[in-house]
Each structure stands twice: as C-alpha cells, then as structure tokens.
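Read the structure below first, then the notes.
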Amino acid sequence: MPAWQGKSKGNPLGYRIFVSVLKVGGVKPAYFMLRFVALYYFLFSWQTSKDTYYYFHKRHGFGKVRSILKLYRNYYLFGQSIIDKVVIMSGIPNKFTFNFDGIENLRQIAAMNQGGLLLSSHIGSWEIAGELLDHINTRINIVMFDGEDKQIKQYMDSVTGERKINIIVIKNDLSHIFKINAAFQNNELVCMHADRFIEGNKTITREFLGEDAKFPAGPFVMAEKFKVPVTFVYALKESALHYHFFSSPVKDYSGMPKGEGMQQLIGDFISSFENKVKTYPEQWYNYYNFWQ
C-alpha cells in the first residue's frame, strides 16, 4: 500500500529563512538557496527518492543517469512551487508572468450556476492558479489534506494573510462532505486533486503510464453524487518566472446511466492527467509508490 500519509516535510525555521530572503532579495537568491535544500532531500530522503526514481526510470523509461538528474530537478521544482506560492499569495513584488489556456471554460462552468467540480492533481501548483482566478465570478474552494505541521501552518498563514480561495480540509468526521455540498448549493466551484489517497480510503484501479495504479474514488463519486459539471485544471511552470494554466472543455456526466457516467469521467481524467504528466514529467510531486 502507498506510504503517503498526507504530511509534508520541512520545519518552521526553514520557512522563516526563505521568507526573509524573499522579502529582501526576491526569488533569485531564494532559488539559489533552494539548490542546496533540494540536494539534501535528493541525498537523504531515501524512500521518496526511491519511489520517484522508479517513476522516471520505469514508467517514463528514462535511462539511469537521466532519471537521477530528473529526480534532483523534481525536488528543486517542488521547492520552487512553494516559494512561488508564498511570493504570489503574500503580495511580495515579483516578475512572474502567466497565460491561460481554456479560461473561457472556467467562465462557462461558473456561469452555469450549478456549482462545478474542478479536477486536478499534484502536478505544478493549482493553489497559485486559484489565487489568480479571482476574476472568475464565483468562489473557488480547494479540498485538501491538512498535512502541514501546526507551527508551519500558523507561520505561513501569518505571511500569506487571508486567501482569495477557500480551503476545505478533509477530516475523519466527514464534515468536509457537508462543506462541499454547501459550496455546490451556493453555485461555487470546488477543486479536488484526484491522484492521491491516504491508506484506508476507497480506491479505483486503472492503468496509468503502462501499469495499474490506484486512484482515490472520492472525487469521482462526488461528481456522480452531486451531479455537477466537471472540468480538468492544471497550473504548470514553463520557465523560472512563467506559469501556464489549463482548463479542459466543460463536461456534464449527470445525464448518463448511474455508474456509466462515473466510469467515463475516470477514463477522461486519467487520459488528461497522463498527457500532462508526459509533457511535464518533472512537475508531478508524487513522493510515494503510486503503482504498488
């Protein structure tokens, strides 16, 4: 079973150092420091490195040396995504640029006044997209595991301030289900990641990158249960200071027979997600054996 438990790494002191550097010198010196942090995880985070190396070597078919280089770059880009999120969400002056591919699809799903499900994954940085999409005329909610250390979370909240997007935290008491339902009832958009699950949750097995893998059942069950239109969204980094956002055409699976619509949705999402992973292989921040 996957070893991922919904927790991220790092410590409050490390976050404070990076935020201080960002405020004084911007992203370039922070990126320079990050090279050494990424090297540390590359050398000493044995389990995640092993699983990520497998992803590059076996699932993408990269050679051994190339897979090792990709592994280091994966850690480095993941660190960049965290730095970029802090910069954008806290309003630190920056030179980031963005372009939107399919922004009309988000406007369409918002205008339908039915609520809507945005399915995404842990590739790139959707949180940054959510912060930038405040010109979409509806509220955006992101459903996520609250895996941060309490001290880190408190510090980061003090840095970034009030978020434009609303976070719905997944909890054992299932209270997040009621919040998601309320969001749909208010014609709001809900973004869920459909590529990761905690052990014990219900899963769906499908082929992904040439081998069977387990996907969380929850996001797809939600779409069927609440009968809301769906679009697939991604936010990928294309250069040091440039992001590219994607939103697929809106689809409504609610008119299909029970079970059939969900199966079609699963197939469509996996096809879309696999395409993005093949195009941006270094930006999938998975960190456990997805195929075990």
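Scan the range 90-110 and give yes if some residue there is in contact with a helix residue (DSSP H, G or I) (Cβ under 6 Å, 6 or more places away or on another chain), over 23 Å from Gly218 (Cβ atoms) and surrounded by 20 or more Cβ atoms within 10 Å (Cβ to Cβ), otherwise no. Reasoning before the result, please.
First pass over the range 90-110, keeping only residues in contact with a helix residue (DSSP H, G or I) (Cβ under 6 Å, 6 or more places away or on another chain): 90, 92, 94.
Now narrow it down to the ones that are over 23 Å from Gly218 (Cβ atoms): 90, 92, 94.
Narrowing the set further to residues that are surrounded by 20 or more Cβ atoms within 10 Å (Cβ to Cβ) leaves none.
No, that holds for no residue.
For the subset of the range 120-155 comprising residues that are in a loop (DSSP other than H, G, I, E, B) and among the small types (Gly, Ala, Ser), which member is modelled with the highest pLDDT?
Ser121
Considering the range 25-68 alone, what residues qualify as being under 25 Å from Leu241 (Cα atoms) and not in a helix (DSSP H, G or I)?
Gly26
Does the range 242-258 hold any residues that are touching a residue at least 24 places away in the same chain (Cβ under 8 Å) and either open to solvent by less than 70 Å² (accessible area, probe 1.4 Å) or in contact with an Asp or Glu (Cβ under 9 Å, 6 or more places away or on another chain) (or both), and which are they?
Scanning the range 242-258 gives His242, Tyr243, His244, Phe245, Phe246, Ser247, Ser248, Val250, Tyr253, Ser254, Lys258.
Is it fair to say Glu199 is surrounded by fewer than 20 Cβ atoms within 10 Å (Cβ to Cβ) and at pLDDT 80 or above? Lay out the reasoning, then the answer.
Working: surrounded by fewer than 20 Cβ atoms within 10 Å (Cβ to Cβ): yes; at pLDDT 80 or above: no.
The answer is no for Glu199.
Taking the range 189-206 as the search range and keeping residues that are touching a residue at least 60 places away in the same chain (Cβ under 8 Å) and over 17 Å from the mean Cα position of the chain (by Cα), which one is farthest from Asn105 (Cα to Cα)?
For the range 189-206, the residue satisfying everything is Glu199.
The values are calculated or read from the model by the stated rules, or taken from the named source; none is laboratory data. These numbers come from a predicted model, not from an experiment. Here the Cβ is made from the backbone with ideal geometry for all residues, glycine too, and neighbour counts use every protein chain on show. To get the accessible areas, we keep the full protein, side chains included, count just its heavy atoms, and leave off ligands, DNA and RNA. Shrake-Rupley method; radii C 1.70, N 1.55, O 1.52, S 1.80 Å.
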